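The values are calculated or read from the model by the stated rules, or taken from the named source; none is laboratory data. The shown structure was predicted, so the numbers you read here are calculated from the model rather than taken from an experiment. When we count neighbours, we look across all protein chains shown, and the Cβ atoms used for this are built from the backbone with ideal geometry, even at glycine. In case anyone asks, the SASA skips ligands and DNA or RNA and just uses the protein heavy atoms, side chains included. Shrake-Rupley method; radii C 1.70, N 1.55, O 1.52, S 1.80 Å.
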Amino acid sequence: MRYLKLYAHFVRFSFTKALQFRLDFTFRIVMDLVFHTLNLIFFKILFNHTDAIGGWDESQVTLFVASFILFDGIYMTIFASNAWWFPEHINKGELDLYLTKPVSPLFIFSLKEFAANSFVNLFFGIGIFTWALTQVEFSFSIFSLLIYVFLIINGTTLFYLMQTLMTLPVFWTQSPRGFDLVLHGMDPILKYPMGVQNQALRVIFTFLLPMNLVLALPAKFFFGEDVLTSLVLTLLISILFWSFILFLWTRGLKRYSSASS
Amino acid sequence: MILLLNHILAMKKQINIFLHSLGIELRKTFMYKIEFWVSFFATTCIPVLVSYLMWKSIYAHNNVSEMNGYTLSELVLYYFCIHLSWKAIFSKGSGYIARDIYYGGLNKYIVYPVSYLNFKFGEYIGKSVFYFLNLILFIIAHYMFLGNEVTFFNFLSSFLLILLSTLTFYLVSSSIEYLSFWVDNIWSLAVMLRSMVAFGGGVLVPLSFYPESLQNFLHFTPFPYLFYYPVQIMIGKKSPYSVLTIASILSLWIILSYLLNRFVWKKGSYKYSGVGI
C-alpha cells in the first residue's frame with residue numbers, strides 16, 4: 001500500500017513535469033506514431049511478396065506487431081526513462097539519495113520517472129492491438145486473451161530486467177552506458193516472428209537472454225502453438241531471471257562506492 | 001597575395017582543429033574497449049543475421065532463389081553494407097550538440113577561436129571512421145573469400161558517395177540539434193528523423209521491394225541517395241542513377257542543408273543564455 005501511494009506520487013509529479021514542456025509532449029506523441037506506422041508499413045511491404053513469415057500469416061504477424069506497439073507503449077511509459085538514467089545515477093553517485101530512503105532503492109530506481117507523453121501513446125497501442133485482434137482468422141477465448149495480455153506485461157518487465165542486466169556492469173566498470181547498446185542491436189529478435197530463428201538462436205534468446213519471452217512465446221501461446229510449453233517456459237524463466245537480476249543488483253550495491261569516496 | 005595567404009593559413013588552422021577533434025573522439029570511442037566491441041558486434045551482426053534468417057524463411061516458403069533481383073547471398077551483402085554505412089552516417093546518434101546547449105557546454109566554444117560546426121564535425125567523423133574502416137575490410141574480405149562483382153571503381157565511388165552522405169546527414173541532424181535553443185528536448189525529433197531515414201533509405205529492406213508509387217515518391221526525398229543508391233553501386237547492382245548524378249543530388253542537398261544549418265545557428269545562438277555563466 002505504501003508503495004502504491006508512492007507510485008501515485010511519482011505519476012502525479014511526472015504529469016506536472018510533462019505538461020510544463022508541451023512542445024516536447026507533442027513531439028513524443030508524433031514520434032511514436034511515426035515509428036509504429038513505419039513498422040506496420042514495413043511488414044505490409046513484406047507481405048506484398050510472401051503470404052507467411054516464419055510460419056505466421058499476415059493477420060498473425062499484424063497482431064504480433066500490434067503486441068509490440070502495446071509492449072513499447074507500456075515500456076516507454078513505465079520503464080524507459082528510468083532505464084536511461086540508470087548508469088548516470090551510479091556513475092555520478094546519485095544513488096546515495098535513494099539508499100538512504102526507507103523504501104527499496106530498486107523500486108525508486110526503476111519506477112520514479114513515469115513518461116506521461118508515452119502514456120498517451122499507450123492508448124494508440126491499445127487501439128491498434130484491438131484492431132489487430134479483429135483481423136485474426138482464428139477464434140480465441142477471453143481467458144486466453146487475458147493471459148496473453150498478462151504475458152505481454154510480464155514480457156515488458158523482463159525486457160526492463162534485461163536492460164538492467166546490460167547496465168549493471170557500470171557498478172564495476174564505471175563506463176558511461178554499460179552494454180545498453182547491445183539490447184538496441186537485438187531489436188529485430190523482438191520484432192520478427194520467432195519462426196525465422198534457427199535452433200541456436202532460439203536456445204540463446206529463450207534461456208540465456210530471454211528476448212523470446214517478451215513477445216514471441218506469448219504470441220505462440222495465443223496462436224495455440226505449444227500452449228503449455230510456452231506458458232510454463234515463460235513463467236519459469238521469468239522467475240529465474242528475476243532472481244538472477246536481484247542477485248546481481250545486490251552484488252552491484254556492495255560494489256557501489258559513491259562518486260566522491 | 002597577403003589576403004590569399006591569410007585564407008590558406010585560416011583554412012590550415014581549421015583543418016588542424018578538425019583533425020584534432022577527430023583524434024579525441026577516436027580515443028574516446030575506444031576508451032571502454034569491451035563495451036565497444038560487444039556493442040559493435042551486437043548492433044551490426046545480429047540485425048544482419050536476423051534479417052538473413054527472415055529472408056531465408058521467405059525464400060524457402062515461396063520456393064524461389066531470387067526475389068526482386070536479389071539472391072539470398074546478395075541480400076546478406078546488401079544488409080551488411082547498408083548497416084555499416086548506416087552506422088557511419090549516423091555515427092554520433094542524437095544529443096551531441098543539444099547537451100552543450102542545455103548544460104552550458106557551448107560557453108567554452110564561444111570563447112575559443114574555433115568554428116563550432118567544424119569542431120563538432122571532427123568529432124562526428126571521429127565516430128564514423130571505425131565503421132568506414134569496417135566497410136572497407138568487409139568488402140575486401142567478401143571479395144577475397146567469396147568473390148563478387150564489386151570492382152575497384154564501384155567501391156571507391158560508392159565510398160566517396162557515403163562520405164558525402166555523412167556530411168549531408170551531419171548538416172541536417174546538427175540543424176535539428178540547434179533547435180535545442182528553443183525547445184526543451186529534441187530527442188524525439190532526432191528519433192523521428194532516424195526512423196524516416198531508415199525507412200526511406202532502405203535500411204530495413206531494399207527499396208526495390210517497395211510498391212512503385214512509394215519508390216517514385218522517395219526519389220524526391222534525400223533518403224535513397226544517402227545509403228540505398230551508394231550501396232547498390234557498391235555491391236554491383238544496377239542503379240537508375242550514375243555516380244555523378246547521385247553526387248550532384250547529394251551536393252545540392254549539402255548546399256541546402258548548410259544554408260539551413262547556418263540560418264538556424266545564427267537565429268538560435270542569440271537565444272543562448274549560457275547555463276553557468
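Residue A:103 meets the stated requirement of being outside any helix (DSSP H, G or I), more than 15 Å from the chain's Cα centre (by Cα) and farther than 15 Å from residue A:157 by Cβ.
Show me the helices (runs of 4 or more DSSP H) entirely contained within the stretch B:159-276 in which 3 or more residues are surrounded by fewer than 21 Cβ atoms within 10 Å (Cβ to Cβ). Give the steps one after another, and end with the answer.
Working: elements: B:187-200, B:212-218, B:223-226, B:228-234, B:243-269.
The qualifying helices (runs of 4 or more DSSP H) are B:187-200, B:212-218, B:243-269.
When we screen A:226, A:187 for residues that are free of Cβ contacts under 8 Å to residues at least 12 places away in the same chain, away from chain B (no Cβ under 14 Å) and acidic (Asp, Glu), the only hit is A:226. Across the stretch B:54-83, the qualifying residues are those that are in contact (Cβ under 8 Å) with a residue 40 or more places away in the chain and within 13 Å of chain A (Cβ to nearest Cβ), and the one among them that is most open to solvent (accessible area, probe 1.4 Å) is B:68. Answer yes or no as to whether residue B:137 is buried (at least 19 other Cβ atoms within 10 Å of the Cβ) and either part of a helix (DSSP H, G or I) or within 14 Å of another protein chain (Cβ to nearest Cβ) (or both). Against the criterion (buried (at least 19 other Cβ atoms within 10 Å of the Cβ) and either part of a helix (DSSP H, G or I) or within 14 Å of another protein chain (Cβ to nearest Cβ) (or both)), residue B:137 does not qualify. Which members of the stretch A:201-260 meet the condition of being over 23 Å from residue A:62 (Cα atoms) and hydroxyl-bearing (Ser, Thr, Tyr)? Of everything in the stretch A:201-260, those that are over 23 Å from residue A:62 (Cα atoms) and hydroxyl-bearing (Ser, Thr, Tyr) turn out to be A:229, A:238, A:243, A:250, A:256, A:257, A:258, A:260.
Scanning for something facing chain A (nearest Cβ under 10 Å) and either open to solvent by 20 Å² or more (accessible area, probe 1.4 Å) or part of a helix (DSSP H, G or I) (or both), does the stretch B:12-29 turn up at least one residue? Yes, the stretch B:12-29 contains a residue that is facing chain A (nearest Cβ under 10 Å) and either open to solvent by 20 Å² or more (accessible area, probe 1.4 Å) or part of a helix (DSSP H, G or I) (or both). Residues in the stretch A:77-105 that are touching a Phe, Trp or Tyr at 6+ places or on another chain (Cβ under 9 Å), open to solvent by less than 30 Å² (accessible area, probe 1.4 Å) and not small (Gly, Ala, Ser): A:77, A:79, A:82, A:86, A:90, A:95, A:98, A:103, A:105.
In the stretch B:198-219, the residue that is nearest to the other protein chains (Cβ to nearest Cβ) out of those that are touching a residue at least 12 places away in the same chain (Cβ under 8 Å) and over 22 Å from residue B:52 (Cβ atoms) is B:200.
I'm trying to understand the selection: among the residues of the stretch B:98-134, which are over 19 Å from the mean Cα position of the chain (by Cα) and assigned to a helix (DSSP H, G or I)?
Just the residues of the stretch B:98-134 that are over 19 Å from the mean Cα position of the chain (by Cα), to begin with: B:99-116.
Passing the criteria: B:99, B:100, B:101, B:102, B:103, B:106, B:107, B:108, B:109, B:110, B:111, B:116.
Residues in the stretch A:69-111 that are modelled with pLDDT of 85 or more and small (Gly, Ala, Ser) were compared, and the one that is farthest from residue A:254 (Cα to Cα) is A:73.
Just name the residue that is nearest to residue B:133 (Cα to Cα) out of those in the stretch B:41-53 that are among the hydroxyl-bearing types (Ser, Thr, Tyr) and facing chain A (nearest Cβ under 7 Å).
Taking the stretch B:41-53 and keeping what is among the hydroxyl-bearing types (Ser, Thr, Tyr), we get B:43-44, B:51-52.
Those still in the list that are facing chain A (nearest Cβ under 7 Å) too: B:43, B:51.
On the way: B:43: 16, B:51: 23 Å.
The residue in question is B:43.
Looking only at the stretch A:34-55, filter to residues that are at the interface with chain B (Cβ under 7 Å from one of its Cβ atoms) and in contact (Cβ under 8 Å) with a residue 60 or more places away in the chain; which one of those is nearest to residue A:128 (Cα to Cα)? Residue satisfying both the conditions and the ranking: A:53.
Look at the stretch A:136-152: where a residue is within 17 Å of residue A:70 (Cα to Cα) and modelled with pLDDT of 90 or more and a partner is among the polar types (S, T, N, Q) and surrounded by 10 or more Cβ atoms within 10 Å (Cβ to Cβ), sitting 6+ places away or on another chain with Cβ atoms under 7 Å, you get A:151/A:234; A:152/A:67.
Taking helices (runs of 4 or more DSSP H) that fall entirely within the stretch A:135-250, which contain at least 2 residues that are crowded, with 20+ Cβ neighbours inside 10 Å and touching a Lys or Arg at 6+ places or on another chain (Cβ under 8 Å)?
Values: elements: A:142-167, A:170-173, A:180-185, A:187-191, A:199-203, A:216-222.
Filter on the stretch A:135-250 gives A:170-173.
Every residue in the stretch A:14-29 that is open to solvent by less than 60 Å² (accessible area, probe 1.4 Å) and facing chain B (nearest Cβ under 8 Å), please. Break it down stepwise before answering.
Taking the stretch A:14-29 and keeping what is open to solvent by less than 60 Å² (accessible area, probe 1.4 Å), we get A:14, A:18, A:24-25, A:27-29.
Scanning the stretch A:14-29 gives A:24, A:27, A:28.
Within the stretch B:31-40, the set of residues being within 20 Å of the chain's Cα centre (by Cα) and at the interface with chain A (Cβ under 8 Å from one of its Cβ atoms) comprises just one member, B:39.
With modelled with pLDDT of 85 or more and within 14 Å of another protein chain (Cβ to nearest Cβ) as the only criterion, which of B:175, B:195, B:158 stands out?
Working: B:175 fails: within 14 Å of another protein chain (Cβ to nearest Cβ); B:158 fails: within 14 Å of another protein chain (Cβ to nearest Cβ).
After ruling out the rest, the residue left standing is B:195.
Go through the stretch A:14-33 and give me each residue that's among the aromatic types (Phe, Trp, Tyr) and free of Cβ contacts under 8 Å to residues at least 40 places away in the same chain. Passing the criteria: A:21, A:27. Given the structure, is residue A:64 open to solvent by less than 10 Å² (accessible area, probe 1.4 Å), touching a strand residue (DSSP E or B) at 6+ places or on another chain (Cβ under 9 Å) and in a helix (DSSP H, G or I)? Considered against the rule, which asks whether it is open to solvent by less than 10 Å² (accessible area, probe 1.4 Å), touching a strand residue (DSSP E or B) at 6+ places or on another chain (Cβ under 9 Å) and in a helix (DSSP H, G or I), residue A:64 comes out as yes.
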